[in-house]
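Student: Take this structure first; my questions come after.
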Amino acid sequence: MSELLRAFLENERGIKRFLSKFLMRSQDVDDIAQETFLRAFAAEAKHNVLAPRAFLYRVAKNLALNERARAVNVLTDSLENSNDTESVGVKDQPTGEEILYSQQKMALFAEAVSLLPPQCRRVFVLRKVHGLSQTDIARRLGISAGTVEKHISVGLLRCRNHLRLRGYDEMTDSSGPGSPTPGKHPSHE
């Protein structure tokens, strides 16, 4: 287990409490916590992270501030286009069971990514975390676009299989990353 993954798992609750100071919705807190790990994990693949805990908090703060700025813009646009001011501020709170399910699934996904072969992991993280195009990845790593596509496919397949073998359905579902998959949630078993 990498030092960063260990630091994330040990500090996940603290990171989420920290993020809740910046973000109102618990769903955003969960999403940004997951994004924090993925971004930090990607950075760790390129550079030696000397203080994983501090690095995770710094990444979390930067992502939270970006999300808050984006949310303000969306809310402003939404209010300008809406006559329904009663629905503003309504919060959907996940249950404790959903939070636990999400945490477990995230830890398994992180484990799955860490088990990918090194080149496959680099390509997968550049595409899925950093959002680079296949052409940009191919240029950056000096490989063909076809090889990039192959690595992404292999990464998705291996991550999905890793989760499936541990009792989780598809890696992504209609609810988004980290959300319970309908029909597979522990409360439905």
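What follows draws every value from the coordinates through simple rules; no lab data is involved. A quick note: this is a predicted structure, and the numbers were derived from the prediction, not measured. Cβ coordinates were reconstructed from backbone atoms using ideal geometry, including for glycine residues, and neighbour counts include every protein chain displayed.
Student: Given points 7 Å out from each Cα along the Cα-Cβ axis, report the Ala107 to His130 separation in nanometres with one decimal.
Tutor: The two pseudo-label positions are separated by 2.9 nm.
Student: Filter Lys46/Lys128; Lys105/Lys150; Lys105/Lys128; Lys21/Lys46 down to the pairs with a C-alpha to C-alpha distance above 23 Å, please. Don't skip to the end; give the middle numbers.
Tutor: Working: Lys46/Lys128 16 Å; Lys105/Lys150 25 Å; Lys105/Lys128 17 Å; Lys21/Lys46 30 Å.
Those over the limit are Lys105/Lys150; Lys21/Lys46.
Student: Label point 7 Å out from Glu3 along Cα-to-Cβ: which residues of segment 22-38 have amide N under 18 Å?
Tutor: So the set is 37-38.
Student: Taking the Cα-to-Cβ direction at Leu157 and at Ala69 and moving 7 Å from each Cα, how far apart do the two end points lie in nm?
Tutor: 4.0
Student: What list do you get for His162, His47 if you sort them by fewest beta carbons within 10 Å?
Tutor: Details: His162 18, His47 9.
So the residues, fewest neighbours to most, are His47, His162.
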